[in-house]
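If you scroll down you'll find the structure; I have some questions about it.
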Amino acid sequence: MSTVRSVLAIAVVFVLASCGISRPTPTPAPKLTASPAPEATATPKPQDVPIYQNSFEGITDPAASGITSNADVTLNSENFNYPGGGTALQTEGTLPGEQGSNLHVDLSIKELTGEESLDLTDKTIYYSAFTPADSAIDKISLYAAGRNHLFVLLAEVTSDAWWNKGVWHDYHFDLSHAQGAMKDCDTIRIAGVRLTSGDQTTAHFLVDDLKWIRGDSFNIPVDDSIDSLRKYAANRHFKFGLFTANWMVFGPEDDPFKNTRDDVRDPWYAYITAREGVVNVVEDRSPRPNEDFSNLEYDPVGDASIIRQYRFGNANSMTTLGYGIGGLYFTAPEWLRTLDFPDATKAVLLYHIERGLRYTKGQNPVWILFNELVLYEGYGANGLKYRKTPLLGIDGYDYGDSSHYSPWAASKTDTSLIEAAFVKAHEVDPGATLLLNDYEVEQIGVTKSEYFYQLASDLRAKGVPIDGVGFEMHNAVEPEGTLTFKIPFTWPWQWQHIDLDTYLNNVDLNVKRYASLGMKVAFTEVEGQVKIDDLDLTSAADRAEYERRLQWQAEYFAGLLKIALQNENVIIFHVWGVTDRYQQQGLAVPGYGNGFIFDRNYNPKPAYDAMLELLRGQ
């Protein structure tokens, strides 16, 4: 993603979605009599347009669509922001030699939306732009003008470095911080500007995927009349959702694990999660160094990000999928690692369990009390992660503080604190659904999965109030439709391959055997990455091959959704991401990516279409 430099202290943000804007039918002007003279009436206040998207396909006459320029504007279907609608606006003309000279394209708010003007002060504007590698254009700038204003510079992106030219870039501008943003913008201008003087020359740039959205995460402009997965999954026996990553919804300061990500808050990401799903992930598993164990309430300052995430879910009528302190292993602070075991450690665990479940009591939440608690296959999969695990990985790396460590067990057979946590959670909120969750446990017959099933069934047999389990499904779908998995005890890693039908059948059989125990299953972290490192997506042939691979990805997602539809004990289908623009924490298979159901430009992918069609038909 390109670096954004704002001259007006704006923040970067945004992307897109599908939402047509219809123009109102003009009302005929009333006939006026000569006498008496009509009284002057105020101009009607324009209606705001909280969300808009235009990829320029279907336009035959730019000028008739409110698109004008100081140069020639044409439609380009050869070079557009792929994946996308297949059309871009090209502005081409003579660029004067003076520093600061520009070519620009102007877009009329009235022609685009039917409204006289647009309030920019609460908007995030997105667009994509392309500057040729040898162009004299050095930066792409965003301007706005109103009926009583000259053009005002809102933001600019310098593209003078070679890596910013010759490829498409996506630009996101949060105008809530821009001092020049106006409430009555009637024209948006996108300009290609030269930074240094030179010879007069012919130049061009392209623009694609223009959109904007109101940036209030607690007032998302979702239209229930628009087809969506949320709409067609309503009233099913399971909840459908997309990962409500708090660092995307509210900003990187809300990322509890400080992962390296683009330094953006993306209102379009928030919009898609609310439009398409009803699952709100809240991750409350990071105790602070100095905690007050006398007060079970959330601290307004210290727990601000958690509280905001709950508020986001409540504002958008979502079900909480909570990841509790039982997922704490590689981030466990030193004071917790050295705390007296089991009594003092148990007290910390139960305190956090009670605090989190009290907050969601009565809301029918789903809580993962322990996440990724089983040792990785090949390093003792028939057991739990525990406090003293001085194990070295097959590559010689010390995994003792991550893949094998947990503060909650004294040995790989010690379930005492796990049992106590489930009892406490059920006591606090009998209406909460309580789960164990792990990866590589969805297929029947896999060593780790067999242990996980036995663990859950043993707890159930003891009378522990466990309601079910969660399956993570971070998978890679190979070009010919097989799935690939690491083979334990190999270094460098070797891989085994399972055809998709076999995989789906194994998952289905596994879901059914949990049903026979009276246990529920949640598909908690679904993604299906595809191989992309061997493709050049500027090539038509490679684009065709990529689209073919996306059909296998569609079969993977639709196959899992069909299992959810056909098994009443499946309670959640949750995709561990939204858009290929942002890769989440999941699978890391070399050469694979783009594992979600919206592409990097927020267009629905074949996987989305296949799932929507399946939900419509059933």
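The values are calculated or read from the model by the stated rules, or taken from the named source; none is laboratory data. Here the structure is a predicted model, which means the values were calculated and not measured. Glycine also receives a Cβ, built like all others from the backbone with ideal geometry; neighbour counts cover every protein chain displayed.
Working only within region 439-458, note down all residues that are among the polar types (S, T, N, Q) and surrounded by 19 or more Cβ atoms within 10 Å (Cβ to Cβ).
Listed by number, the residues that qualify are 443, 449.
Follow-up. Can you report the number of residues in region 487-520 which are surrounded by fewer than 15 Cβ atoms within 10 Å (Cβ to Cβ) and not hydrophobic (A, V, I, L, M, F, W, C)?
11
Out of (1) of a type outside the set (S, T, N, Q); (2) within 27 Å of the chain's Cα centre (by Cα); (3) closer than 15 Å to residue 208 by Cβ, what's the single condition that is false for residue 89?
(2) is the only condition that residue 89 fails.
So which of 589, 530 is in a strand (DSSP E or B) and closer than 19 Å to residue 480 by Cβ?
After applying the criteria, what remains is 530.
Related question: Scanning for something at pLDDT below 65 and in contact with a helix residue (DSSP H, G or I) (Cβ under 6 Å, 6 or more places away or on another chain), does region 377-386 turn up at least one residue?
Quick first cut of region 377-386, residues at pLDDT below 65 only: 377-381.
Retained after the next criterion (residues that are in contact with a helix residue (DSSP H, G or I) (Cβ under 6 Å, 6 or more places away or on another chain)): 377, 381.
Scanning region 377-386, I find at least one residue that is at pLDDT below 65 and in contact with a helix residue (DSSP H, G or I) (Cβ under 6 Å, 6 or more places away or on another chain), so the answer is yes.
Quick one: count up the residues across region 479-491 that are out of contact with any Asp or Glu (no Cβ under 6 Å at 6 or more places or on another chain), more than 16 Å from residue 529 (Cα to Cα), touching a residue at least 24 places away in the same chain (Cβ under 8 Å) and hydrophobic (A, V, I, L, M, F, W, C).
Selection size over region 479-491: 1.
Can you pull out the residues in region 64-82 that are part of a strand (DSSP E or B) and surrounded by 16 or more Cβ atoms within 10 Å (Cβ to Cβ)?
67, 68, 69, 73, 75, 76
Would you be able to tell me the number of residues in region 445-471 that are farther than 15 Å from residue 373 by Cβ and either over 29 Å from the mean Cα position of the chain (by Cα) or not assigned by TED's automatic domain parsing to the domain that holds residue 371 (or both)?
10
Output the qualifying pairs, or none if there are none: Cβ atoms under 7 angstrom, residues six or more apart or on different chains, first residue in region 71-89 and under 14 Å from residue 539 (Cα atoms), second residue of a type in the set (A, V, I, L, M) and buried (at least 20 other Cβ atoms within 10 Å of the Cβ).
Final answer for the pair search is 79/88; 79/206; 80/88; 81/88.
Identify all residues within region 213-238 that are in contact (Cβ under 8 Å) with a residue 24 or more places away in the chain, outside any loop (DSSP other than H, G, I, E, B) and over 17 Å from the mean Cα position of the chain (by Cα); write none if there are none.
214, 232, 233
Evaluate the following for residue 116: is it surrounded by fewer than 21 Cβ atoms within 10 Å (Cβ to Cβ), in contact with a helix residue (DSSP H, G or I) (Cβ under 8 Å, 6 or more places away or on another chain) and touching a residue at least 24 places away in the same chain (Cβ under 8 Å)?
yes
If residue 520 satisfies all but one of (1) more than 28 Å from the chain's Cα centre (by Cα); (2) farther than 14 Å from residue 556 by Cβ, what's the number of the condition it fails?
(1)
Further, regarding this structure: Would you mind telling me which numbered condition in (1) surrounded by fewer than 17 Cβ atoms within 10 Å (Cβ to Cβ); (2) without any contact (Cβ under 8 Å) to a residue 60 or more places away in the chain residue 141 fails?
The single condition residue 141 does not satisfy is (1).
Right, another one. Filter region 522-558 for residues that are in contact with a Gly (Cβ under 6 Å, 6 or more places away or on another chain), among the acidic types (Asp, Glu) and within 28 Å of residue 323 (Cα to Cα) and give the result.
Once the filter is applied, which keeps residues that are in contact with a Gly (Cβ under 6 Å, 6 or more places away or on another chain), among the acidic types (Asp, Glu) and within 28 Å of residue 323 (Cα to Cα), region 522-558 yields only 527.
Between a first residue in region 492-506 that is within 13 Å of residue 555 (Cα to Cα) and a second residue that is at pLDDT 95 or above, which pairs have beta carbons less than 6 Å apart while being 6 or more apart in sequence or on different chains?
That search, which allows pairs on different chains as well, returns 499/482; 500/481; 503/483; 504/559.
Sticking with this structure for a sec: For residue 436, indicate whether it is surrounded by 23 or more Cβ atoms within 10 Å (Cβ to Cβ), within 19 Å of residue 571 (Cβ to Cβ) and modelled with pLDDT of 95 or more.
Against the criterion (surrounded by 23 or more Cβ atoms within 10 Å (Cβ to Cβ), within 19 Å of residue 571 (Cβ to Cβ) and modelled with pLDDT of 95 or more), residue 436 qualifies.
Another one. Which is among the aromatic types (Phe, Trp, Tyr), modelled with pLDDT of 60 or more and in contact with a Phe, Trp or Tyr (Cβ under 6 Å, 6 or more places away or on another chain), of 359, 405?
405
The rows are residues; the columns are (1) touching an Asp or Glu at 6+ places or on another chain (Cβ under 7 Å); (2) among the hydrophobic types (A, V, I, L, M, F, W, C); (3) surrounded by fewer than 22 Cβ atoms within 10 Å (Cβ to Cβ); (4) under 18 Å from residue 443 (Cβ atoms).
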residue	(1), (2), (3), (4)
523	no, yes, no, yes
537	no, yes, yes, no
549	no, no, yes, no
572	no, yes, no, no
578	no, yes, no, no
592	no, no, yes, no
596	yes, yes, no, no
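Filter region 460-486 for residues that are out of contact with any His (no Cβ under 9 Å at 6 or more places or on another chain), aliphatic (A, V, I, L, M) and closer than 16 Å to residue 439 by Cβ; which is surrounded by the fewest Cβ atoms within 10 Å (Cβ to Cβ)?
Filtering first and then ranking leaves 476.
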